[in-house]
Amino acid sequence: MRHKTPRLTLLGAGPGDPDLITRKGWKALQMADVVLYDALVRPDLIAEIPTCVRKIYVGKRSGSHCATQTEINQLIVESAHQYGHVVRLKGGDPFVFGRGMEEIEFARAHGIQQIEVIPGISSAIAGPAAAGIPVTSRGLSNSFWVLTATTVDGAFAADMEKAAQSDATVVLLMGVRKIQAIAELFGQFRGAETPIAIIQNATLDNQHTTIAQLGNIATRLHEVDVNAPGIVVIGEVVRVGECCASVSVLNHNLSH
């Protein structure tokens, strides 16, 4: 086999719907020698990669890792040196809680100099949008926070209380399992009637949105799969989502 220059493309697949990958990202998949992909990447998208391309599943979900981050880093380097162009395909955007920079630094330290980042549409914005919830809206919110709900040790992120004290829209990723504790914290500063939304399977046919208030979210958790990933939105903009729910469903149906 002719030697190829080792090369890495870090690519965001978008929030879920395979059609939401960027045009540049889709082209990169067609030109890859190896694709390493995560659990959140849809099978429909993987099926569009040419059959000659090696596809390696390195799925990572909370509590269930097919490969450790160290193993993924090593696999990127080994595949690039052996085959050439490696596309590291991640859900959402690779730089939004995706550990993308760690993979780049490891690749550079092991002789891979040709590295490109192709951004993806982040679920932090696209998820709420798919549910008809704008992260900003004139008169309601002119800024937004995006936080991971918990740190590696399981504690709340350091900025969580600061976000709760602000008037901004707050988007929490990886927070469904701690939703009651989150609601209690935000309720201390924003009041029990503040609206909250939990969006699961955003942009997909089985998208489901639960809208409640901080004070009564516990009574609605039977509607939520607490073991599945989801996007939590807290703030007055959620009221817009209640009004636009029918529009969101209509637009989603038209796109399929």
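The values are calculated or read from the model by the stated rules, or taken from the named source; none is laboratory data. Not measured: the values here are computed from a predicted model. With ideal geometry, Cβ positions are generated from the backbone for all residues, glycine too; neighbour counts draw on all protein chains shown. Ligands, DNA and RNA are stripped out before the accessible areas are found, and what is left, the full protein with its side chains, is counted by its heavy atoms. Shrake-Rupley method; radii C 1.70, N 1.55, O 1.52, S 1.80 Å.
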Measuring with a 1.4 Å probe in the full set of protein chains, what accessible area per residue, in whole Å², belongs to region 182-227? 47
Hey, what do the phi angles of region 80-97 turn into as Karplus ³J(HN,Hα) couplings, whole Hz, using 6.51/-1.76/1.60 and θ = phi - 60°, x for Gly and Pro? 5, 6, 8, 10, x, 7, 9, 9, 8, 9, 10, x, x, 10, x, 9, 10, 6
With every protein chain left in place, what is the accessible area per residue of region 68-127 in square angstrom, probe 1.4 Å? 44
The distance between the Cα centres of region 67-123 and region 179-198, in whole Å, is 36
Here, Asn227 and Thr22, labelled 7 Å along Cα→Cβ, have an inter-label distance in nm of 3.6
Kindly write out, for region 122-135 in residue order, the coupling ³J(HN,Hα) from the Karplus curve 6.51 cos²θ - 1.76 cosθ + 1.60 (θ = phi - 60°), rounded to whole Hz, with x marking Gly and Pro. 6, 5, 5, 9, 5, x, x, 4, 5, 9, x, 10, x, 6
Enumerate the lysines that Lys90 could reach by cross-link, defined here as Cα to Cα under 26 Å, with residues fewer than 8 away along the same chain left out. Lys4, Lys24, Lys27, Lys55, Lys60, Lys178
Using a 1.4 Å probe on the protein heavy atoms, what percent of the accessible area of region 99-186 belongs to carbon and sulfur? 53
accessible surface per residue for region 1-54, probe 1.4 Å, DNA/RNA/ligands not counted, whole Å² -> 53
